[in-house]
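Here's the structure we're looking at; comments come further down.
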Amino acid sequence: MAQINLLPWREEQRKQQSKEFTLHALLAAVFCFALVLYAQFHISGMLQQQNNRNQYLELETQKLLSQLNEIKNLENTKKKLLSRMDIIQRLQIRRPQVVHLFHELSDTLPNGSYLRSIKQKGNTITLEGLAESNARVSAYMRNLSASGWLTAPRLEVIEADKNERISYFKLHLQQSAPGLNTEAK
């Protein structure tokens, strides 16, 4: 007779395998969940770290931009100060020129003539005056040409008044500064 095992061992084995499979599936699901959770925290931490870096870089960029603006302001201030210093130096150089101008005008003026008006625009000087004769005006122009501080005399007008024997003259000349380098006009 055939042996028949009446014990439900196959069914128990299937139940046991089913329990083991469920346990393994549950462990795999828990492991996958833990792995996903770890990946989430890791990626979140990396994002937070990168955001912190970006924030730090933006703060440093703002500091550098403010420093650059400060440097530009300092450069503008420096340019303004240098231009003021240049103006002051030019004024210091030109300060004795006024004294020389009046000295030369009085030294070169011949007897019998006098000046009624002196106008200066830049380095150009316009003189208006009266002289006893045209010869005195020419002598005055020769004296001005020989001066080191006054150059290029140019006669604009000379009018003789025969009744009073006086000549009215108007001439232009340039002021120079021998021995000084004056670039400003």
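The values are calculated or read from the model by the stated rules, or taken from the named source; none is laboratory data. Quick caveat, the model's predicted, so the values are computed rather than measured. Heads up, the Cβs are rebuilt from the backbone with ideal geometry, glycines too, and the neighbour counts pull from every protein chain shown.
Please find, among Gln55, Gln92, Gln67, the residue that is within 42 Å of the chain's Cα centre (by Cα), of a type outside the set (Val, Ile, Thr) and closer than 30 Å to Gly148 by Cα.
Result of the check over Gln55, Gln92, Gln67: Gln92.
Which ones in the stretch 95-113 are surrounded by 10 or more Cβ atoms within 10 Å (Cβ to Cβ), more than 17 Å from Ser145 (Cβ to Cβ) and more than 36 Å from the chain's Cα centre (by Cα)?
Step one: list which residues in the stretch 95-113 are surrounded by 10 or more Cβ atoms within 10 Å (Cβ to Cβ), which gives 96-105, 107-110, 112-113.
Imposing the further condition that a residue be more than 17 Å from Ser145 (Cβ to Cβ) reduces the set to 96-99, 102, 112.
Answer for the stretch 95-113, where residues must be surrounded by 10 or more Cβ atoms within 10 Å (Cβ to Cβ), more than 17 Å from Ser145 (Cβ to Cβ) and more than 36 Å from the chain's Cα centre (by Cα): Val99, Phe102, Gly112.
Note down all Cβ pairs under 6 Å where the first residue falls in the stretch 115-143 and is without any contact (Cβ under 8 Å) to a residue 40 or more places away in the chain, the second is assigned to a helix (DSSP H, G or I), and they're at least six residues apart or on different chains.
The qualifying pairs are Ala131/Val137; Asn143/Thr108.
Regarding Val157, is this residue assigned to a strand (DSSP E or B) and at pLDDT below 90?
yes
Select from the stretch 168-185 the residues that are among the hydrophobic types (A, V, I, L, M, F, W, C) and more than 21 Å from Ser138 (Cα to Cα) and write down the one among them that is modelled with the highest pLDDT.
Ala177
Please determine, by comparing only the residues of the stretch 124-140 that are outside any strand (DSSP E or B) and surrounded by fewer than 17 Cβ atoms within 10 Å (Cβ to Cβ), which one is nearest to the chain's Cα centre (by Cα).
Ser138
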